[in-house]
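Peer 1: Structure in structure tokens, see below.
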Amino acid sequence: MRPRPSCLRETRQKPLAGLMLVMAGTLCIASQAVAGSLNDDINKAISRSQIPRSKLGISIRDTSTGRQIIDIAADKPRIPASNMKLLSTGAALDTFPLDHQFRTRLLLEDNRLIIVGQGDPALGDPDLLMRMSDEDGKPIDIESILQLWTNAIADAGVTRLDELIIDDRIFDRDLFHPSWPTNQSQRHYCAEVSGLNFHRNILALRPAPDSTRRRVVVGESPRSTFLPIKNNMSVASGKSASKNNIDPHRRVLTEQIVVNGTVGKQQVSPVEVTIHEPAMFTGRLIADRLERYGIKVGTVRYATESERFDDGTVLFDVVTPLHTVLLECNHESKNLYAEALLKHLGNRRTNRPGTWSNGSQALEEAIQLRTGVDKDKVVVSDGSGMSRLNQIPPSVMTLWLGSFADDSPKSIAFRDALPSPGSGTLERRFGSSNLHGCIVVAKSGYINRVSALSGLVIAPDWRSVAFSIMGNDLAKVRNCKRLQEQIVEAIAADLTASTKTAATSTR
């Protein structure tokens, strides 16, 4: 379901032109009355939330007219947190064709294997693998992928490789954003960003006591015996014997992983920790699996700036559709995906390795083109919203969202990638809200003391409203989340009320 284009709503036969004029005037009066009611409802909700108005930015905009219905400090730039992903994904749709695919290739050239990355953030993503199976219906895991690659290399008659070369040059090798919190570099949402990503650039740890219950064995996926993992865990005993407390650490831009805590039983749900230099990690993984298969591998190295690989034979070609990347970025709010898209924007704009700098410039230009707002009014620091340097006015966000409210294929793709209440990152939102039959698609955002929610409310008659509610420097984020839901509920109520008012007025 989606909004109809405005031209479909306005099409009438000529004999009804006079009636159409009267209807238009009635609808305008109804809209003004509803806007006043909505303003009252929002002011009451803000008062109940006890959040100082100075900490809020709210924009609500009619997408058919572009008119801003509600403006509460809407032009003041705010930290948008993960609402940045709305901008990154929308700009990607403007930049790439809908059928675009991100590719990763294994090339054989003489006695060298080249892994050519295209910055695909979905390559080996464990969440995606859980939903896949092979041609025999068997589930696929990360070891299955590595085995497929190993088999393809062996089937090509390779018995020894002089070199395994990693071509990650579509992006630069600035892996960790300078404004991200370094004390969280081990967390999945701060994974390094590379031109060759694999398994979301994380290890999945499943520690367990050994058979003697005297020590803890670290089980990691993918198996990475070449990584320095320091195991400081002990076996839990007494009242804690059935509990696990696992705390992995990795200092920013270093390889060693330190795992602290106590383990009383086999860890079922994986505990994730990021890895350093994802591209080199991937190359070493493949080299390790080839060695285990009996294929000797000489040097594992990065491609140099001037190297070209035009004559290689393609042994394996992995593709990820653009719509998969958009969905995982917005619906599941994966930061790695958004950062990869941003660097792709920079690569396309400059024909040079994508960076946070040229990607940010490309995104700022895309915002200006779509909204008409001068790019100097926004500050883009990263693509995911982890950076606190991003500055986006809510009014710009609603202009952006309103530009994706029509029935064009790219607008439909944009909206289809957004979660609705009860799904994705909105799975636990709006549980007690009455949305009056409206469709809501929106992106939430959170970092410390910041909460944002931006999206579209679509009425049963296909009219839609764009909203952006950003709270910065908050004492209690949960109060802002509750306020956001109350405002969206008020928008839905007023949208449906205006429909009923207009219908009654034309009888």
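Bear in mind these aren't lab numbers, they're just calculated from the coordinates by the rules spelled out. The structure presented is a predicted model; accordingly, all values stated were derived computationally and were not measured. All Cβ positions, even for glycine, are placed from backbone atoms using ideal geometry, and neighbour counts span all protein chains on display.
Peer 1: Among all the aspartates and glutamates, which ones have a C-alpha under 13 Å from K296's C-alpha, if same-chain residues fewer than 8 places away are not counted?
Peer 2: D162, E163, D288
Peer 1: Just checking my list [x] 22.4, 73; [y] 30.6, 108; [z] 25.9, 89 against Rg and Dmax of the Cα atoms in Å computed from this structure; which label fits?
Peer 2: Label [z] holds the value from this structure.
Peer 1: Continuing with the same structure: Find the centroid of the Cα atoms in the stretch 47-73 and in the stretch 326-374, then give the distance between the two in whole Å.
Peer 2: 26
Peer 1: Return the calculated 222 nm mean residue ellipticity for the chain, to the nearest 500 deg cm²/dmol, obtained by summing -39500 (n - 2.57) across DSSP H runs with n ≥ 4 and dividing by the residue count. Walk me through the numbers on the way to the answer.
Peer 2: Details: 12 runs with 171 residues, N = 507.
When only DSSP H runs of four or more count, the value is -11000 deg cm²/dmol.
Peer 1: Tell me the trypsin sites (Lys or Arg not before Pro) within the stretch 387-468 that lie in a loop according to DSSP and have at most 13 other beta-carbon atoms within 10 Å. Don't skip to the answer; put the middle values down first.
Peer 2: Working: sites: R388, K410, R415, R428, R429, K443, R449, R463; in loops: R388, R428, R429, R449, R463.
Those that pass, being in a loop and sparsely packed, are R428.
Peer 1: What size of dipole, in debye to the nearest 20, comes out for the chain about its Cα centre when the only charges are +1 on Lys and Arg C-beta atoms and -1 on Asp and Glu C-beta atoms? Walk me through the numbers before you get to the answer.
Peer 2: Working: 63 positive and 56 negative charges, 433 e Å.
Dipole about the Cα centre, nearest 20: 2080 debye.
Peer 1: Can you compute 3J(HN,Hα) from phi for each residue in the stretch 262-270, using the Karplus curve 6.51 cos²θ - 1.76 cosθ + 1.60 with θ = phi - 60°, rounded to whole Hz and x for Gly and Pro?
Peer 2: So the J values, rounded to whole Hz, are 10, 10, x, 8, 4, 6, 8, 6, x.
Peer 1: List the residues whose amide H sits under 5 Å from the amide H of E192, counting only those 5 or more places along or on another chain, with H placed 1.01 Å from N in the peptide plane.
Peer 2: Those qualifying (amide H under 5 Å, at least 5 residues apart or on another chain) are I275.
Peer 1: Among the aspartates and glutamates, which have Cα under 13 Å from the Cα of K410 when same-chain residues fewer than 8 positions away are ignored?
Peer 2: D94, D99
Peer 1: Taking a spot 7 Å from the Cα of R103 along the direction of its beta carbon, which residues of the stretch 301-339 have an amide N less than 17 Å from it?
Peer 2: Within reach of a label on R103: 308-323.
Peer 1: Which of the chymotrypsin sites (Phe, Trp or Tyr not before Pro) found in the stretch 171-248 are in a DSSP loop and have at most 16 neighbouring Cβ atoms, other than their own, within 10 Å?
Peer 2: On the way: sites: F171, F176, Y189, F198, F226; in loops: F176, F198, F226.
Sites meeting the loop and neighbour criteria: F176, F226.
Peer 1: Report, in listed order, any pair from K55/K76; K239/K265; K76/K334; K85/K343; K76/K375 with a Cα-Cα distance greater than 18 Å.
Peer 2: Numbers: K55/K76 10 Å; K239/K265 13 Å; K76/K334 27 Å; K85/K343 13 Å; K76/K375 14 Å.
Check vs 18 Å cut-off fails for K76/K334.
Peer 1: Under 5 Å between amide H atoms, partner at least 5 residues away or on a different chain: which partners does S64 have, H built in plane at 1.01 Å?
Peer 2: The list, which skips near neighbours in sequence, is S464.
Peer 1: Right, here's the next one. Order of M132, M233, M84 from fewest to most other C-beta atoms within 10 Å? Walk me through the numbers before you get to the answer.
Peer 2: Details: M132 11, M233 23, M84 28.
In order of increasing Cβ crowding within 10 Å: M132, M233, M84.
Peer 1: Stretch S54-H323 to full length: gain in nm at 0.36 nm per residue minus the Cα-Cα span?
Peer 2: Details: separation 269, 0.36 × 269 = 96.84 nm, distance 3.79 nm.
The S54-H323 span can extend by a further 93.1 nm.
Peer 1: Let me ask something else. For F316, what residues show an amide H to amide H distance below 5 Å, using hydrogens built from the backbone and excluding near sequence neighbours?
Peer 2: L106
Peer 1: Kindly provide the trypsin sites (Lys or Arg not before Pro) of the stretch 280-321 that DSSP labels as loop, not H, G, I, E or B, and whose Cβ sees at most 14 other Cβ atoms within 10 Å. Working shown, then result.
Peer 2: Numbers: sites: R284, R289, R292, K296, R301, R308; in loops: R308.
Sparse-neighbourhood loop trypsin sites (Lys or Arg not before Pro): R308.
Peer 1: Now a separate question. For the peptides 91-99, 480-488, 147-155, what is the packing order when you average, over each peptide's residues, the other Cβ atoms within 10 Å and list the highest mean first? Walk me through the numbers on the way to the answer.
Peer 2: Working: 91-99: 17.6, 480-488: 22.3, 147-155: 15.8.
Put in order of decreasing packing, that is 480-488, 91-99, 147-155.
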